[in-house]
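Written below as structure tokens is the structure these notes are about.
The values are calculated or read from the model by the stated rules, or taken from the named source; none is laboratory data. A quick note: this is a predicted structure, and the numbers were derived from the prediction, not measured. Using ideal geometry, Cβ is built from the backbone for each residue, glycine included, and neighbour counts are taken over all protein chains shown.
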Amino acid sequence: MSTNRLFDELNDAAVVSALKPIANDPVMRRICVDGRTVATIRDTDVQTLGLGVGTRLDAALREAIQNVVKHGKARRTAMSLIGQRPYSVTSLIERLERRGHESTIAAAVVQQLVDDGWVVDEQFARDLVHEMLAREPAGAPKLALKLAAKKIPEDIAQRVIEEALADTNPRQEALEFARSRLERGTDRTGPAVARRIAGLLARRGVDQDTIEDVIDALGILDGDESGSE
């Protein structure tokens, strides 16, 4: 990804002829050579690079300007993406790479967003787990699989899951979920019903011991529909 054709045609003889502000974006400056805009960067980057009228754009300075431009494009893409939905650090880097941004630049830009508080893996994980648990019961295994799919680091995922499940009663939630599913059907006992309920609970990450406990508590296999606990 380059800046533009005019910039690519510059050589060591090129000299900055003007630095022009953009009317609708005063923090940006157009770098002009012989009256033509060859690149547009932030005013802070102009100062950092030591650019001024008369500055010679040697190879090292041209490369620095080009990197600044690439960072700017990648950051704009990243901000557009997170404006649509949240991302984890790794998934955002991968998305930028798929959009054609260089790996090193994608990583650097996302790290800037992390430092600025725009991308926070732990908060993203908490929101996702809360959303899942608000919809239906889910055990630690299912939550872990979901967070792994979203590229959340394992240590963060484990901590968030433990926090989310600390004040829950997995057995009671599984029991209530199973009972609600039984109430929707006409058959409430028998091996086929037990297999169906076990499958529903397993897909939600409920462990086997809890599944067996729920089936016993609801009397699915012995014809007891009282649902005693």
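Here are a few things to note about the model shown:
- Residue within segment 114-134 that is part of a loop (DSSP other than H, G, I, E, B), within 21 Å of Asn67 (Cα to Cα) and either out of contact with any Phe, Trp or Tyr (no Cβ under 7 Å at 6 or more places or on another chain) or in the same structural domain as Ile211 (by TED's automatic domain parsing) (or both) present: yes
- Failed item in (1) touching a Leu at 6+ places or on another chain (Cβ under 7 Å); (2) exposed (fewer than 15 other Cβ atoms within 10 Å of the Cβ), with Asp116 passing the rest: (1)
- Test for Leu92: is it surrounded by 15 or more Cβ atoms within 10 Å (Cβ to Cβ), of a type in the set (A, V, I, L, M) and over 30 Å from Lys150 (Cβ atoms): no
- Scan of segment 174-214 for residues that are of a type in the set (A, V, I, L, M, F, W, C), assigned to a helix (DSSP H, G or I) and within 22 Å of Arg135 (Cα to Cα), ordered by number: Ala174, Leu175, Phe177, Ala178, Leu182, Ile197, Ala198, Leu200, Leu201, Ala202, Ile211, Val214
- Candidates in segment 18-49 are the residues that are among the small types (Gly, Ala, Ser) and more than 15 Å from Leu61 (Cβ to Cβ); of these, the one that is modelled with the lowest pLDDT is Ala23.
- Among the residues of segment 180-206, the ones that are surrounded by 16 or more Cβ atoms within 10 Å (Cβ to Cβ) and either touching a residue at least 24 places away in the same chain (Cβ under 8 Å) or at positive phi (or both) come to 9 in all.
- Filtered residue count, segment 93-140, keeping only those that are under 11 Å from the mean Cα position of the chain (by Cα) and free of Cβ contacts under 8 Å to residues at least 12 places away in the same chain: 2
- Criterion violated by Thr48 - all others in (1) under 27 Å from Ile93 (Cα atoms); (2) touching a residue at least 24 places away in the same chain (Cβ under 8 Å) satisfied: (2)
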